[in-house]
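Structure first, commentary second.
The values are calculated or read from the model by the stated rules, or taken from the named source; none is laboratory data. Source: prediction; values computed, not measured. Here the Cβ positions follow ideal geometry from the backbone for every residue, glycine too, while neighbour counts run over all protein chains shown. SASA here: full protein model, heavy atoms, side chains in, ligands and nucleic acids out. Shrake-Rupley method; radii C 1.70, N 1.55, O 1.52, S 1.80 Å.
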Amino acid sequence: MNPSIQELAQLVLDGKLLDRPQIEALATAGREDHEDLLYWADAIRRRFFGNRVRVCSIVPGRLGGCDQDCAFCAQSIRYDTPVDKRARTTSDKEILAAAAQARASGVPNLGIVYSGRAITERELQRLESLVQRIGSEYGLGVCASVGIVNAEQARRLARAGVERYNHNLETSERYFARIVTTHAYADRVRTVQAVRRAGLKVCCGGIFGIGE
């Protein structure tokens, strides 16, 4: 067992944060350390989260037609993929059918996801109504991922009944412009701050292996 990896893992298990050189040491570990990394990652997961998995169903509110150039996404304008370049809005009937299926499958949460940079006022009003119906008629918690939102939009989502907002930062601030040019890292940070201030839980992660 690699003692350096064990030492860093123990720091995390003790509730401490790693600094940049320590994180870089883990990121550059060789193939021979793969099993050690998996072992300690699992130990950290069990320490802080236990052996629990929370399931969430996802339904698109808007699919395709994205004008953003995120390098990691099949809907990006960078790429020629089978994803339709014209935006398709999922009907209320389709979204409520997804809610019914989630409830029948014992899934406690339904996530509604919109492609693109942000949603319009009309789309927000529709989402407010759908969230209320999903909560009252199907008893599900609702998560949302609708791009960049401001403080007032975040408050409206919270009042409608959205419980959690999904919005990844994707990568570090200094690398972000290498993978996205149609919006800024600060836009994503402000969105996370806005939804937190509105009282929403936040699911916020990133992606490894995109050239960083």
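If I filter the range 57-86 down to residues being among the hydroxyl-bearing types (Ser, Thr, Tyr) and in a loop (DSSP other than H, G, I, E, B), which single residue comes out as farthest from residue 118 (Cα to Cα)?
Only one residue fits best here, namely 81.
Check the range 49-56 and report whether any residue there is open to solvent by 30 Å² or more (accessible area, probe 1.4 Å) and assigned to a helix (DSSP H, G or I).
Yes, the range 49-56 contains at least one residue that is open to solvent by 30 Å² or more (accessible area, probe 1.4 Å) and assigned to a helix (DSSP H, G or I).
Of the numbered conditions (1) touching a strand residue (DSSP E or B) at 6+ places or on another chain (Cβ under 8 Å); (2) more than 25 Å from residue 86 (Cβ to Cβ), residue 167 fails exactly one; give the number of that condition.
So residue 167 meets the others, but not (2).
For the range 80-95: of the residues being charged (D, E, K, R) and open to solvent by less than 80 Å² (accessible area, probe 1.4 Å), which is nearest to residue 63 (Cα to Cα)?
84
Could you figure out which of (1) touching a residue at least 24 places away in the same chain (Cβ under 8 Å); (2) more than 19 Å from the chain's Cα centre (by Cα); (3) farther than 11 Å from residue 59 by Cα isn't true of residue 98?
(3)
For the range 172-201, how many residues are of a type in the set (Ser, Thr, Tyr) and surrounded by 18 or more Cβ atoms within 10 Å (Cβ to Cβ)?
1
Give the range 7-40 a look and list any residue that's over 19 Å from residue 212 (Cβ atoms), of a type in the set (Gly, Ala, Ser) and in a helix (DSSP H, G or I), or say none.
9
Please work out if residue 169 is open to solvent by less than 30 Å² (accessible area, probe 1.4 Å) and either modelled with pLDDT of 95 or more or under 15 Å from the mean Cα position of the chain (by Cα) (or both).
Spelling it out, it is not the case that residue 169 is open to solvent by less than 30 Å² (accessible area, probe 1.4 Å) and either modelled with pLDDT of 95 or more or under 15 Å from the mean Cα position of the chain (by Cα) (or both).
With the checklist (1) surrounded by fewer than 20 Cβ atoms within 10 Å (Cβ to Cβ); (2) closer than 30 Å to residue 181 by Cβ; (3) modelled with pLDDT of 95 or more; (4) among the hydrophobic types (A, V, I, L, M, F, W, C) in hand, flag the one item residue 77 doesn't pass.
Failed condition: (3).
Among (1) surrounded by 12 or more Cβ atoms within 10 Å (Cβ to Cβ); (2) within 21 Å of the chain's Cα centre (by Cα); (3) modelled with pLDDT of 95 or more, where does residue 64 come up short?
(3)
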